[in-house]
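J.: Sharing a structure, written as structure tokens. Questions coming.
The values are calculated or read from the model by the stated rules, or taken from the named source; none is laboratory data. Predicted model only: the values in this text are computed from it and were never measured. Cβ placement follows ideal geometry from the backbone for every residue including glycine, while neighbour counts extend to all protein chains displayed. When the accessible area is computed, the model is the full protein with side chains, heavy atoms only, and any ligands, DNA or RNA have been set aside. Shrake-Rupley method; radii C 1.70, N 1.55, O 1.52, S 1.80 Å.
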Amino acid sequence: MQETGRGTETAAERAVPRSVAVLGLGNMGTALADALLTAGHRVTVWNRTAARTAGPAERGAAVAATVEAAAEAADLVIVCVRDYPAVGELLDRAGPALEGRTVLNVTNGSPAEGRSMAGRAAALGAGYLDCGVMAVPAMIGSPEALLLCSGSEAAYASWRDVLGALGRGSYLGEDPGLAPLADLALLTGMYGMLGGFLHAAALVRSAGASVGEFTTDQLVPWLRAIAGILPGMAAQVDSGDYTATGSDLAMQVSHDAIGDVSRAQGVGTELFDPLLGLMRRRVADGHGNEDLAGVVELLHRR
Ligand SMILES: NC(=O)c1ccc[n+]([C@@H]2O[C@H](COP(=O)([O-])OP(=O)(O)OC[C@H]3O[C@@H](n4cnc5c(N)ncnc54)[C@H](OP(=O)(O)O)[C@@H]3O)[C@@H](O)[C@H]2O)c1
């Protein structure tokens, strides 16, 4: 995995202005165009609803009247629209103007859609990178914005300085479907953590305590500490050796303290029950002496 980002690229790399088109000026596209302008790149914008080009134009962007003209004006064509059918429409409209260009598609979609769009770009003679933007628009241009890219490695190497102006780039591999998959995997991890927060907050509130104080003083430091065990769990998933290292599954499911106390407090257990069910199934299957990581075998057969 290669990484690049603000603060890691050289001053010389930062200083070279490149020609970039941004197709789609919704909240994310506008943030991308603004960050590129701030970094000194030559930016051409196009949006289906022309009125949205006014802001970037005032900040120094050239406005293209057509998708084709935007593609002709740039070497890198960033596409940031609602969905992949819209991306496909724009590639068709740009047509031969994309020849020799690189398409950087930051629109959210599935791995299959990413692969299909790479094929359509290749048929037009364009390089293709799929990119999952792990950020909200306000984070664009900061190192906290993570840009997961997959597709042409040569294109990534050629455009890493521009990606560095948008956030911290991370190259995952030649398969264009890798970035959309990683994007969704990160969101899955995020929702798991946020679901845990919601259950914890309900439990604390049911006891009349301050959720704010609990979160700041106890939950956030606890979750930071627990995040430290994830690489060890990941190594177990990679190797398939789930031998318990301290807290085996049989012990963890021996009684449902979280469920019992939650119910007694009038707190719903809908978020925790599915995980507990899987842990119990794994024990019933004869793996009580293993660590929690073994539950992954119930979600995906190796
Ligand atoms: N906002 C975020 O926090 C965020 C974070 C990560 C990734 N993303 C992804 O970035 C993409 C854009 O998000 P956004 O927040 O910028 O959305 P948005 O504010 O709703 O803007 C949508 C954009 O798509 C354009 N569009 C929709 N259908 C189109 C079509 N058929 N042809 C041409 N243009 C079309 C819209 O043009 P009009 O102005 O003409 O309607 C507008 O420019 C999405 O795939 C989203 O999942 C967003």
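J.: Before we move on, is Leu90 of a type outside the set (Ser, Thr, Tyr) and in contact with a Cys (Cβ under 9 Å, 6 or more places away or on another chain)?
T.: On the way: of a type outside the set (Ser, Thr, Tyr): yes; in contact with a Cys (Cβ under 9 Å, 6 or more places away or on another chain): no.
Here the answer is no, as Leu90 does not meet what is asked.
J.: Can you spot a residue in segment 49-63 that is within 13 Å of the ligand (Cβ to nearest atom) and in contact (Cβ under 8 Å) with a residue 40 or more places away in the chain?
T.: no
J.: Restricting to segment 68-80, name every residue that is within 14 Å of the ligand (Cβ to nearest atom) and open to solvent by 40 Å² or more (accessible area, probe 1.4 Å).
T.: Across segment 68-80, the qualifying residue is only Glu68.
J.: Right, Ala65: in a loop (DSSP other than H, G, I, E, B) and open to solvent by less than 20 Å² (accessible area, probe 1.4 Å) or not?
T.: In short, no.
J.: Quick check on my filter: what residues within segment 40-54 are open to solvent by less than 30 Å² (accessible area, probe 1.4 Å) and either outside the structural domain of Thr66 (by TED's automatic domain parsing) or within 18 Å of Arg160 (Cα to Cα) (or both)?
T.: As a first pass, look at segment 40-54 and keep what is open to solvent by less than 30 Å² (accessible area, probe 1.4 Å): 41, 43-47, 53.
Matches in segment 40-54: His41, Val43.
J.: Quick one: is Gly177 in contact with a helix residue (DSSP H, G or I) (Cβ under 6 Å, 6 or more places away or on another chain) and within 15 Å of the ligand (Cβ to nearest atom)? Reasoning before the result, please.
T.: Values: in contact with a helix residue (DSSP H, G or I) (Cβ under 6 Å, 6 or more places away or on another chain): yes; within 15 Å of the ligand (Cβ to nearest atom): no.
Considered against the rule, which asks whether it is in contact with a helix residue (DSSP H, G or I) (Cβ under 6 Å, 6 or more places away or on another chain) and within 15 Å of the ligand (Cβ to nearest atom), Gly177 comes out as no.
J.: Considering each residue of segment 253-298, count those that are open to solvent by 60 Å² or more (accessible area, probe 1.4 Å) and either at pLDDT below 95 or assigned to a loop (DSSP other than H, G, I, E, B) (or both), and give that number.
T.: Residues meeting the conditions: 7.
J.: Would you confirm, using the coordinates I've provided, whether Ala244 is surrounded by 14 or more Cβ atoms within 10 Å (Cβ to Cβ) and modelled with pLDDT under 95?
T.: Taking the combined requirement at face value, the residue satisfies it.
J.: If we scan segment 128-142, do we find a residue that is open to solvent by 70 Å² or more (accessible area, probe 1.4 Å), assigned by TED's automatic domain parsing to the domain that holds Gly266 and either part of a helix (DSSP H, G or I) or closer than 30 Å to Ala86 by Cα (or both)?
T.: No, because not a single residue in segment 128-142 is open to solvent by 70 Å² or more (accessible area, probe 1.4 Å), assigned by TED's automatic domain parsing to the domain that holds Gly266 and either part of a helix (DSSP H, G or I) or closer than 30 Å to Ala86 by Cα (or both).
J.: Being within 12 Å of the ligand (Cβ to nearest atom), touching a helix residue (DSSP H, G or I) at 6+ places or on another chain (Cβ under 7 Å), over 24 Å from Leu37 (Cβ atoms) and of a type in the set (A, V, I, L, M) narrows it down to one residue among Leu147, Leu166, Leu91; which is it? Walk me through it before giving the result.
T.: Values: Leu147 fails: over 24 Å from Leu37 (Cβ atoms); Leu166 fails: over 24 Å from Leu37 (Cβ atoms).
Every option except Leu91 fails the conditions.
J.: Among the residues of segment 95-110 satisfying the criterion of being more than 11 Å from the ligand (Cβ to nearest atom) and touching a residue at least 40 places away in the same chain (Cβ under 8 Å), which is most open to solvent (accessible area, probe 1.4 Å)? Step through it out loud before you land on a result.
T.: So in segment 95-110, the residues more than 11 Å from the ligand (Cβ to nearest atom) come out as 95-104, 110.
Add one more test, that the residue is touching a residue at least 40 places away in the same chain (Cβ under 8 Å), and what stays is 102, 104, 110.
Numbers: Thr102: 16, Leu104: 5, Ser110: 40 Å².
Top of the filtered list is Ser110.
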